[in-house]
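What follows is a single structure, written as structure tokens, with notes after it.
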């Protein structure tokens with residue numbers, strides 16, 4: 001896997017109340033490309049942030065159907081990855097991506 005593709009795998013970190021609570025248990029949540037595997041996510045996080053990844057869980061999130069001024073619309077689908085990092089390691093969200 002080349003270096004440019006690793007930068008494309010991780011799109012954005014997800015900062016919500018639930019993901020902030022999970023960070024207390026060494027878990028970090030990212031929005032990732034829909035076509036990548038758990039192994040590719042693990043390699044990208046280890047390369048970009050320099051931490052040891054213990055586990056990767058992925059979730060395919062379907063976009064909600066919404067109405068705006070009577071017109072139907074749909075939010076985009078995306079893939080979410082919850083990455084568990086090694087004990088005692090920290091991950092700086094602003095570095096590397």
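None of the figures in this text is laboratory data; all of them are computed from the coordinates on show. Just so you know, these numbers come straight off a predicted model, no measurement behind them. In this analysis, Cβ positions are derived from the backbone assuming ideal geometry, glycine residues included, and neighbour counts consider all displayed protein chains.
Below are the figures for this structure:
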read-out: Stretchable slack from residue 24 to residue 84, in nm (0.36 nm times residue separation minus alpha-carbon distance); value: 20.5 nm
read-out: Helix-only CD estimate at 222 nm, as mean residue ellipticity for the chain, using -39500 (n - 2.57) per DSSP H run (n ≥ 4); value: -7000 deg cm²/dmol
read-out: Segment residue 64-residue 11, length gained on full extension (0.36 nm per residue, minus Cα span); value: 17.1 nm
read-out: At R0 = 25 Å, FRET efficiency that the Cβ-Cβ distance of residue 55 and residue 1 yields, to 0.05; value: 0.80
